[in-house]
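Undergrad: Structure incoming, see below.
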Amino acid sequence: QKEVEQNSGPLSVPEGAIASLNCTYSDRVSQSFFWYRQYSGKSPELIMSIYSNGDKEDGRFTAQLNKASQYVSLLIRDSQPSDSATYLCAPNSGGGADGLTFGKGTHLIIQP
Amino acid sequence: GAGVSQSPRYKVAKRGQDVALRCDPISGHVSLFWYQQALGQGPEFLTYFQNEAQLDKSGLPSDRFFAERPEGSVSTLKIQRTQQEDSAVYLCASSRGQGVKNIQYFGAGTRLSVL
């Protein structure tokens with residue numbers, strides 16, 4: 001059984017601060033990792049993908065991956081109220097199916 | 001099309017009724033996925049198509065759920081004899097190719113309410 005654990009929150013962060021979102025996963029063969037953002041009542045949209053250990057930066061977003069610890073995180077710098085959403089972590093171990101296993105998501109609130 | 005299109009956006013069904021949910025993927029996308037998202041939860045995988053072949057249906061919760069993609073493009077998820085526990089948002093996603101690095105793009109979803 002593949003499991004993905006995220007703190008459901010809500011995580012409250014002041015505007016302009018760094019928001020740190022964490023995710024652990026159980027399937028050791030996971031090869032790729034995706035962070036999706038989902039606004040209330042909307043569909044998930046991809047914001048970051050990461051495949052190798054280390055950091056990957058894209059604008060205000062940085063994804064960090066540690067496969068040995070089975071841990072992936074997302075940092076949001078200079079947080080804006082528009083970043084308020086639920087962030088879903090999704091590892092992909094493939095195996096032919098390619099279906100994603102999502103965590104429950106972390107509800108992030110950026111306080112103006 | 002510009003994105004993944006799903007219809008209807010909202011569906012209200014009486015318990016025991018059959019429903020059909022449609023997904024029109026991004027043009028040229030080989031892979032198509034169906035997910036079920038209950039309130040306050042992350043999406044849960046239901047089934048996966050590569051072109052017209054259904055390669056994985058391990059996530060379908062019961063034999064009341066059936067999906068097809070006969071021409072390798074539009075897909076339909078059918079739920080027979082709906083139950084209250086089927087109430088959820090049904091999300092469709094498509095990706096250009098296959099493999100673990102392929103990005104999945106989601107449609108807006110169909111919100112199903114079973115009364």
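The values are calculated or read from the model by the stated rules, or taken from the named source; none is laboratory data. Note that this is a predicted model, so its numbers are computed, not measured. Methodologically, a virtual Cβ is constructed for each residue, glycine included, from the backbone with ideal geometry; neighbour enumeration extends over all protein chains shown.
Residue by residue, here is whether (1) within 13 Å of chain B (Cβ to nearest Cβ); (2) surrounded by fewer than 21 Cβ atoms within 10 Å (Cβ to Cβ); (3) within 26 Å of residue B:98 (Cα to Cα) holds:
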| position | (1), (2), (3) |
| --- | --- |
| A:25 | yes, no, yes |
| A:29 | yes, yes, yes |
| A:42 | yes, yes, yes |
| A:50 | yes, yes, yes |
| A:63 | no, no, yes |
| A:108 | no, no, no |
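To keep it simple, each residue is scored yes or no on (1) under 26 Å from residue B:30 (Cα atoms); (2) touching a Pro at 6+ places or on another chain (Cβ under 7 Å); (3) modelled with pLDDT under 95.
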| residue | (1), (2), (3) |
| --- | --- |
| A:13 | no, no, no |
| A:16 | no, no, no |
| A:29 | yes, no, yes |
| A:35 | yes, no, no |
| A:51 | yes, no, yes |
| A:81 | no, yes, no |
| A:86 | no, no, no |
| A:99 | yes, no, yes |
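Undergrad: If we keep just the residues of segment B:100-115 that are in a loop (DSSP other than H, G, I, E, B) and among the aliphatic types (A, V, I, L, M), which is farthest from the other protein chains (Cβ to nearest Cβ)?
TA: If we take residues in segment B:100-115 being in a loop (DSSP other than H, G, I, E, B) and among the aliphatic types (A, V, I, L, M), then B:115 is farthest from the other protein chains (Cβ to nearest Cβ).
Undergrad: Which residue pairs have Cβ atoms under 7 Å apart, sit 6 or more places apart or on different chains, and have a first residue in segment B:31-43 that is within 16 Å of residue B:102 (Cα to Cα) and surrounded by 24 or more Cβ atoms within 10 Å (Cβ to Cβ) and a second that is charged (D, E, K, R) and at pLDDT 95 or above?
TA: B:32/B:69
Undergrad: List the strands (runs of 3 or more DSSP E) that sit entirely inside segment B:29-91 and contain at least 2 residues that are within 22 Å of residue A:1 (Cβ to Cβ) and within 14 Å of chain A (Cβ to nearest Cβ).
TA: B:31-37, B:44-50, B:53-56
Undergrad: Quick check on segment B:80-115: of everything there that is at pLDDT 95 or above and basic (Lys, Arg), which residue is surrounded by the most Cβ atoms within 10 Å (Cβ to Cβ)?
TA: B:111
Undergrad: Can you name the residue in segment A:65-106 that is facing chain B (nearest Cβ under 9 Å) and among the charged types (D, E, K, R) and, of all such residues, is surrounded by the fewest Cβ atoms within 10 Å (Cβ to Cβ)?
TA: A:104
Undergrad: Do you know which residues across segment B:88-115 are small (Gly, Ala, Ser) and in contact (Cβ under 8 Å) with a residue 40 or more places away in the chain?
TA: Within segment B:88-115, B:88, B:93, B:94, B:95, B:97, B:107, B:108, B:109, B:113 meet the criteria.
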